[in-house]
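To start, the structure under review is shown below, and the notes come after it.
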Amino acid sequence: MDLITQSGIPRGKIGVRLMYTLLFVLILSLMNFIIQLIAVMQFVILLLTKSYSEPLRSFSNKASVYVYRLIRYITLNDNNKPFPFVDFPAEMERPDGFARFE
């Protein structure tokens, strides 16, 4: 907090960051719905075909990284604006080889 006070950040810049943050909060809400929809679709596909959709699995893995980036920006832990201002993030780690049902 002292760094902010000492550096004298103009309120205009804080306001611009706030506007971007509000935009990304809306996008985060949309991503929450999309991820829930993907999870339901994945289970419907799994029930019907006894196999999951690899494209959905890959996209949901990337979407989880995107949500992570959104949260870091919204909470002032990252200064890099997320997608659509940069490329959609790549996977941080590969998914497990297969889903287990124990």
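In segment 52-91, of all residues being part of a helix (DSSP H, G or I) and β-branched (Val, Ile, Thr), the one that is farthest from residue 23 (Cα to Cα) corresponds to 65. Of all residues assigned to segment 7-28, none qualifies as being among the hydroxyl-bearing types (Ser, Thr, Tyr), within 15 Å of the chain's Cα centre (by Cα) and in a loop (DSSP other than H, G, I, E, B). With respect to (1) closer than 24 Å to residue 23 by Cβ; (2) free of Cβ contacts under 8 Å to residues at least 24 places away in the same chain; (3) surrounded by 15 or more Cβ atoms within 10 Å (Cβ to Cβ), the lone exception for residue 42 is condition (1). Only residues that are over 24 Å from residue 98 (Cα atoms), modelled with pLDDT under 95 and among the small types (Gly, Ala, Ser): list them for segment 15-55, please. The one that is over 24 Å from residue 98 (Cα atoms), modelled with pLDDT under 95 and among the small types (Gly, Ala, Ser): 15.
The values are calculated or read from the model by the stated rules, or taken from the named source; none is laboratory data. Keep in mind that this is a model prediction, so the values were computed, not measured. Cβ sites come from the backbone with ideal geometry, for glycine too, and all protein chains shown count toward neighbours.
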